[in-house]
Amino acid sequence: MNKFRLNLAFFIAPIFPALYMLFVAYIFGEGFSSKKEIFFIFLFSLPTSYISCLLIGAPSIRILDKIGLLCLVYLVLIAAALGGGIYYLFGYAFMIFLDSSMSGISPFEPLIWGSFFGVVVALPFSLIAGLPFLITKK
């Protein structure tokens, strides 16, 4: 595996969830009335994405590489599973920080969004890093 492409993937891929949230807010007419809103999205989404990528994604990549299963399909599947849990935990911590509650929100909603964001990071990561699509053990 090319070290440069791997480092580039670690640098670029975690940006995609923040870009997605900005894109959706803009498309659905919730345009930004101030630069504070853009800053707020990046303030919480970028560190969350980078921390998750480094603390959870990097060890997952190492494990997959060690067992000979590092490929796009397996990495995306693991990222979807782990992303749901990470998003739920960060959401729960954020609610505690704001002294709020998650009542009124389906417990599956954060898991689904987290899985989606896991895929939004893992897919570009795999493509940038040049991982093969699928590895089959012989």
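Every number here is computed from the coordinates shown, using simple stated rules; none is lab data. As the structure is a prediction and not an experimental result, all values here were calculated from the model. For neighbour counting, all protein chains shown are included, and Cβ atoms are generated from backbone atoms with ideal geometry for every residue, glycine included.
One table, with the values for the structure above:
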quantity: Cα Rg over Rh - the chain, Kirkwood; calculated: 1.02
quantity: Cα-based helix-to-principal-axis angle, 3-12 vs the chain, degrees rounded to 10; calculated: 10
quantity: Kirkwood estimate for segment 67-135, i.e. one over the average of 1/r between Cα atoms, Å; calculated: 13.0
quantity: Tyr87, Tyr20 arranged by Cβ crowding within 10 Å, fewest neighbours leading; calculated: Tyr20, Tyr87
quantity: Exposure proxy ranking, count of Cβ atoms within 10 Å, fewest first, for Arg62, Arg5; calculated: Arg62, Arg5
quantity: Residues Phe90, Phe28, Phe42, sorted so that the one with the fewest Cβ neighbours within 10 Å comes first; calculated: Phe28, Phe42, Phe90
